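Student: Dropping a structure here in structure tokens format, bear with me for questions.
Rule-based calculations on the coordinates, nothing more; no lab input. From a predicted model like this one, the values you see are computed outputs, not experimental measurements. FYI the Cβ positions are ideal-geometry reconstructions off the backbone, even for glycines, and counts take in every protein chain you see.
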Amino acid sequence: MSERFFFIDYSRCIGCQACLQACAECDTHRGTSMIHLETIQRRDSVQTAPQVCMHCEDPICARVCPADAIKKTPDGVVQSSLKPRCIGCSNCVVSCPFGVPKYMAEIDQMMKCDMCYDRTSVGKGPMCATVCPSGALKYTTMEEIQRTRRGIPISAWKFGNEEVTTKVHVMVPREVERVNIDLVQIAPTPAPLPEDSYDVALMLEEV
Amino acid sequence: MSTDTKNRETFAGCAKTPKWRTDFPIEWEGDHYVSRREMVKFLTLGSLLLAGANWFTAFASGMLRRGSNAQRYIGSAAKLDAAGYILFRYPTDRDPCIAVRSADGTLHAYSQVCTHLSCAVVFNGQANTLDCPCHNGVFSVQEGRPIAGPPLRPLPRVRLQQRGDQLFATALEV
């Protein structure tokens, strides 16, 4: 069997949070979910997007780590921080362009998705991809994903001038070759919000 | 690798990969790699430590043994002859010993602690042996060596000295 890859298809996500639950049940980090489920423009849309670690070829989180705590395995999986080394400085948290690493204050350590290394290293699928009911997260072969999906998998990103190649693929329309993300504005959007005191979504955003 | 990354690495203007990066690699394999120099260093220091520990142990045991040359009064010869044996403590109060008069009339003393599992041996006057009741170990009175049962090492011998009617323990031979 050819090598299996992790694919994210944001358009398929239905926001069921099964991936969060499954991730939290993993043996290596019991009770703590390493996957992020982002809500996109909550007021206008019900779209959600799961975010796992993208496992960059040149992991910036490991590059900026002053304690030498983040390591990449030979199969390209960037591991969570090593417990005896991590000093909880959060350099990785602010450097990751995907916003993946989380600083856990209660254990003073960074933890992030390691693609369920205990499972994927022995041929099983990651917990989140195993339970995803809509196929937004899929762990399968390249041929299989190309056969079953309309879009194409890509792993090239551009953040400003920084080019990033990842191990995890995302499904995009056929005409897209690379995801370009330009810096638009750093300050919070000064969007004039309609004065509707009963807008629940607005209340949530304000919280 | 992007152009920016390359620029960043050549920023120092010297080697492409800085020295500190080879010492702290991102790759798992590099992190686990042990160089020949590190290995030799570990072996050398480990051997030195082991040798030092051995010397220390030898020195410490020598120190302990030196303390067992003290003289100690253990009882009267008359009492020994009456009972066939006497129990005493030598070299410290926590070391039980036994002194016996064998069938041929000679005087012997041994540690009472069986060399098998540390039970107390008792004198068997009829067989002229020291018997351990726990696992039926038998030691000869003449030499203290094991002649039956599970013990393999002889009992430590205590040197005795008779001055008139008084018996003194003078040394412990381990």
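Student: Once a ≥ b ≥ c are taken as the square roots of the eigenvalues of the Cα gyration tensor of chain A, is the result rounded (a/c under 1.5), prolate (a/b larger than b/c) or oblate (a/b not larger than b/c)?
Tutor: Taking the square roots of the gyration eigenvalues as a ≥ b ≥ c, chain A is rounded.
Student: Also, quick follow-up: Above 21 Å lies some portion of the pair distances; for the range B:73-174, what is it as a whole percent of all C-alpha pairs?
Tutor: Taking all Cα-Cα pairs of the range B:73-174, the fraction more than 21 Å apart is 26 percent.
Student: Using 7 Å Cα-to-Cβ label points, what is the A:Thr165/B:Asp31 separation (nm, one decimal)?
Tutor: Going by the 7 Å Cα→Cβ label model, 2.2 nm.
Student: Follow-up. Between the alpha-carbon centers of the range A:1-61 and the range A:134-168, tell me the distance in whole angstrom.
Tutor: Each part's Cα centre sits 13 Å from the other's.
Student: Here is a follow-up. Counting only DSSP beta bridges with both residues in the protein assembly as shown, tell me the antiparallel percent, nearest 5.
Tutor: The antiparallel fraction comes to roughly 90 percent.
Student: With runs of 4+ DSSP H residues as the only contributors, calculate the mean residue ellipticity of chain A at 222 nm using -39,500 (n - 2.57) per run, divided by the residue total and rounded to the nearest 500.
Tutor: Taking each H run of at least 4 residues, the total per residue is -4000 deg cm²/dmol.
Student: Nearest 10 degrees is fine. How inclined is helix B:36-66 to the longest principal axis of chain B, computing both from alpha carbons?
Tutor: With rounding to tens, the tilt is 20 degrees.
Student: Ranking A:Lys71, A:Lys83 by Cβ neighbours within 10 Å, fewest first, what do you get?
Tutor: Final ranking by Cβ density, sparse to dense: A:Lys83, A:Lys71.
Student: Per 0.36 nm of contour for each residue apart, how much would the distance between B:Arg159 and B:His135 grow if the chain were fully extended, relative to their Cα-Cα spacing?
Tutor: Full-extension gain reported as 5.9 nm.
Student: Please give the FRET efficiency for A:Ser121 paired with A:Asp182, using the beta carbon to beta carbon distance and R0 = 22 Å, rounded to the nearest 0.05.
Tutor: Efficiency for this residue pair is about 0.05.
Student: Using the beta-carbon distance between B:Lys79 and B:Leu152 and R0 = 41 Å, what value does 1/(1 + (r/R0)^6) give for FRET efficiency, to the nearest 0.05?
Tutor: So, using R0 = 41 Å, E works out to roughly 0.80.
Student: Let me see the pair-distance distribution of the range A:88-156: every alpha carbon pair, 10 Å bin width, integer percents in order.
Tutor: 17, 34, 35, 12, 2
Student: Also, quick follow-up: Any cysteines in chain A with zero other Cys Cβ atoms under 4.7 Å from their Cβ? List them, or say none.
Tutor: Lacking a cysteine Cβ partner under 4.7 Å: A:Cys13, A:Cys16, A:Cys23, A:Cys26, A:Cys56, A:Cys65, A:Cys86, A:Cys89, A:Cys96, A:Cys116, A:Cys132.
Student: Which whole-number percent is the relative contact order of chain A (Cα, under 8 Å, 6+ apart)?
Tutor: Once normalised by length, the contact order is 25 percent.
Student: Could you go through the range A:152-165 in sequence order and give the Karplus-derived ³J(HN,Hα) for each residue, using 6.51 cos²θ - 1.76 cosθ + 1.60 with θ = phi - 60°, rounded to whole Hz, and x for Gly and Pro?
Tutor: Rounded to whole hertz, the list is 10, x, 10, 9, 10, 10, 9, 9, x, 9, 8, 8, 10, 10.
Student: Tell me, what is the FRET efficiency for B:Met39 and B:Ala103 to the nearest 0.05, using R0 = 56 angstrom and their Cβ-Cβ distance as r?
Tutor: About 0.30, to the nearest 0.05.
Student: Can you tell me which of B:Val138, B:Val122, B:Val40 moves the most in a GNM of chain B? Springs connect C-alpha atoms under 10 Å apart.
Tutor: Answer for the Gaussian network model of chain B: B:Val40.
Student: Please compute the modelled spin-label separation between B:Ser61 and B:Asp95, points set 7 Å along Cα→Cβ, answer in nm with one decimal.
Tutor: Inter-label distance under the simple model: 1.4 nm.
Student: Which distance in nm do the two modelled labels at A:Val94 and A:Asp27 give, with both placed 7 Å along the Cα-to-Cβ direction?
Tutor: The two pseudo-label positions are separated by 3.8 nm.
Student: Within the range A:1-159, how many Lys pairs that are eight or more residues apart, or on different chains, come under 17 Å at the alpha-carbon?
Tutor: Step by step, the pairs that qualify in the range A:1-159 add up to 9.
Student: By DSSP, what percent of the beta bridges with both residues in chain A are antiparallel, rounded to the nearest 5?
Tutor: Restricted to chain A, the bridges split so that about 80 percent are antiparallel.
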